[in-house]
Amino acid sequence: MNCFLHVSLKYICYDDIYMGRVNVAILASGRGSNFKAILEEIKEGRCNAKINVLISDNPKAPAIAHARDNVIPVEIVEKSDFDSRAKMDLKIKEILDSHSVDLVVLAGYMLILKGKELLEAYKNKIINIHPALLPSFPGVDAQKQAFEYGVKVSGVTIHFVDSTLDAGPIIYQEAVDISECKSADEISEKILAVEHKAYAKVIDLFSKNKFRTQGRRVVKD
């Protein structure tokens, strides 16, 4: 049985705390700030989930150390080990299957999922967070795009992942006033603070079957 040391200095069994909750896989390439925020919300009882595995394409990602500190299994799946993205994504699917994953959460994962088998097997079970109000400013550097365009309001979008780029059905959006921001970095910081709460909120809603899809529309029950 896996256990971790809680801030109260008592050993708390990981398996007992998260029994019956939605099983989550985190995909991350970097520092994993959203991953850390989600995990904290889980520990505080505000997100009805258990993180079963962290998958990263970057063996040096700081998120890996945080996962291991919290007794979360880590799988490294590097692009260089495969001769096609389809084979790489098939390996990710195998890992997800082996960890009985219900929901895949992209948290700063810097590759686009392309594998048909993966996307079909986990249709409406893969979510991504984007630092803009889609469909505005898709792709990389959304905060820089917003700053250079001169918009006064940007925000956060959480959406299902499909074969398109940042164009899957939208689950949740939250506006952020960026009118006083003096740089793209300031926008990033302001939006990130909202991301940290919003992502865990959506995962919690998913675990409680609080929304369903109707074509492109995601309807909250």
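The values are calculated or read from the model by the stated rules, or taken from the named source; none is laboratory data. These numbers were taken from a predicted model, which means no experiment stands behind them. Cβ sites come from the backbone with ideal geometry, for glycine too, and all protein chains shown count toward neighbours.
One residue stands out among those in the range 204-221 that are of a type in the set (A, V, I, L, M) and assigned to a strand (DSSP E or B): the one that is nearest to TYR122 (Cα to Cα), which is VAL218. Inspect the range 7-25 for any residue being modelled with pLDDT of 95 or more and farther than 23 Å from LYS125 by Cα and give the result as yes or no. No, because not a single residue in the range 7-25 is modelled with pLDDT of 95 or more and farther than 23 Å from LYS125 by Cα. Go through the residues of the range 183-201 one by one and say whether even a single one is over 18 Å from GLY155 (Cβ atoms) and at pLDDT 95 or above. No, the range 183-201 contains no residue that is over 18 Å from GLY155 (Cβ atoms) and at pLDDT 95 or above. A count restricted to the range 163-192 and to residues that are of a type outside the set (S, T, N, Q), in contact with a Leu (Cβ under 9 Å, 6 or more places away or on another chain), part of a loop (DSSP other than H, G, I, E, B) and surrounded by fewer than 16 Cβ atoms within 10 Å (Cβ to Cβ) stands at 1. Pairs meeting the criteria (first residue in the range 30-41 and within 13 Å of VAL105 (Cα to Cα), second residue at pLDDT 95 or above and assigned to a loop (DSSP other than H, G, I, E, B), beta carbons under 6 Å, at least 6 apart or on different chains) are ASN34/ALA107; PHE35/ALA28; PHE35/ALA107. Just a yes or no: is a residue in the range 47-55 within 19 Å of SER207 (Cα to Cα) and in a loop (DSSP other than H, G, I, E, B)? Checked the range 47-55: at least one residue is within 19 Å of SER207 (Cα to Cα) and in a loop (DSSP other than H, G, I, E, B). Within the range 48-70, residues that are touching a residue at least 60 places away in the same chain (Cβ under 8 Å) and more than 19 Å from TYR199 (Cα to Cα) sit with their Cβ atoms under 9 Å from residues that are part of a helix (DSSP H, G or I) and among the hydrophobic types (A, V, I, L, M, F, W, C), at 6+ positions apart or across chains, in these pairs: ASN70/LEU39.
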